[in-house]
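Single-structure report; data block below.
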Amino acid sequence: MVNTSELPKIVTVCGPTGVGKTSFAIELAKRFSGEIVGADSMQIYRQMDIGTAKPTAAERTTVRHHMVDIVDPNEAFDAAAYGRRAHQSVQQLLEENIPAFVVGGTGLYIKALVQPLFEGRASDREVRERIQSRLKEEGAAALHANLKERDPTAAARIHPNDAYRIQRALEVIETTGRSISDLHDAHRFSKARYETLEIGLTLPREQLYARIDRRVDQMIAAGLLEEVRGLLALGFDPGLKPMQSLGYRHMVGFLQERTSWEETLRTLKRDHRRYAKRQFTWFKAVAGMNWLAPDQVETAAEMVERFFNLR
RNA sequence: GCCGAGGUAGCUCAGUCGGUAGAGCAGGGGACUGAAAAUCCCCGUGUCGGCAGUUCGAUUCUGUCCCUCGGCA
């Protein structure tokens, strides 16, 4: 058993898209004169505001936000980079004695902050491109078969259709000379950087889905289509990672006349719902999660007080 | 009121020459260690509109009632 009492304390607030994390967290952080560290894989991108439901300028004046608007859409970024940079932000807050509230819906990012990922190395472009072209030519099944020879444990864990993970496993072998399964087995998320109070926001499925539908309509009304048109005009390629995310890929599909407007809205809402469901699956598996409704700020505040031993 | 068509999974429908049923969409569950708003896996029991009759057995045939949609009055 790891003694966590020595670790610095932070509060995390997570939950599915559209549940109301932003206003909840701002209200909570305000009471403790804390600051927010975003844990959202899309809000990190500048110029992508409407589709990512980024906190407004006013909200960010009320409570200072970190890890939002930190890279351009065409810059490389990933969970490990997030873990490093978010850790720096939190360190700084701790030094200044400011309570840190890590808020967002990207489970892997929160994990990468609290329990750093295994020591690997970002795959260099050459290796990644080589594997990608092999994937294109030979297909996922062939690469899976190849992985089975080089790292049978990983091959057993990864489904033959899961092209991304097959690719990653091969990358790790080529960049580190070791198998990803060995590295994982040695790592196992055994060390934590912080002691956390984990708050998960939830709502009955029906209510959440109604909120999501409404929120998508609001994004459209706020000019999501124009935002995407602007990004394209600035030269950002539709193939860029953030351009493949919810909302952005849908607007691109419409602009390229692949889908009607009606179909675009339908799939956009549907895909948001499916995303929310996947987030639930992730967060449900987090041990020690304290589930609350988004209007239970009061309860959350009491939990935070106890957590920080403020009374 | 009469004539016609139909009432089967949340929605749109298929089907059973009588042995209690299946697709698409929607939805649900799960995985997740440097692309994670990504990627991947698994999941279809529903008074076959109600009641009665025929039958060993009816969602399937017959009768009747209810409802929906057309057309005619």
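Before moving on, here are some points about what is shown:
- Looking only at segment A:140-173, and only at residues there that are within 11 Å of RNA strand B (Cβ to nearest atom) and polar (S, T, N, Q), the one that is nearest to the chain's Cα centre (by Cα): A:Q167
- Just one of the listed residues (A:I44, A:I26, A:I70) is of a type in the set (V, I, T), away from RNA strand B (no atom under 15 Å from the Cβ) and without any contact (Cβ under 8 Å) to a residue 40 or more places away in the chain, namely A:I26.
- Single match in A:R150, A:R85, A:R125 (criterion: surrounded by fewer than 20 Cβ atoms within 10 Å (Cβ to Cβ), free of Cβ contacts under 8 Å to residues at least 40 places away in the same chain and within 22 Å of A:I10 (Cβ to Cβ)): A:R85
- When residues of segment A:89-139 are limited to those that are among the polar types (S, T, N, Q) and within 27 Å of A:R278 (Cα to Cα), the one nearest to the chain's Cα centre (by Cα): A:T106
- Residues located in segment A:263-294, provided they are at negative phi, in contact (Cβ under 8 Å) with a residue 60 or more places away in the chain and either of a type in the set (S, T, N, Q) or open to solvent by 50 Å² or more (accessible area, probe 1.4 Å) (or both): A:R273, A:Y275, A:K277, A:Q279, A:W282, A:N290, A:W291
- Restricting A:L117, A:L94, A:L135 to residues that are under 28 Å from A:K191 (Cβ atoms), within 11 Å of RNA strand B (Cβ to nearest atom) and either open to solvent by 30 Å² or more (accessible area, probe 1.4 Å) or not hydrophobic (A, V, I, L, M, F, W, C) (or both) narrows the list to A:L117.
The values are calculated or read from the model by the stated rules, or taken from the named source; none is laboratory data. What you are looking at is a predicted structure, and each value in this text was computed from that prediction instead of being measured. Cβ coordinates were reconstructed from backbone atoms using ideal geometry, including for glycine residues, and neighbour counts include every protein chain displayed. Each accessible area value is taken on the protein alone, full model and side chains, heavy atoms only, with ligands, DNA and RNA left out. Shrake-Rupley method; radii C 1.70, N 1.55, O 1.52, S 1.80 Å.
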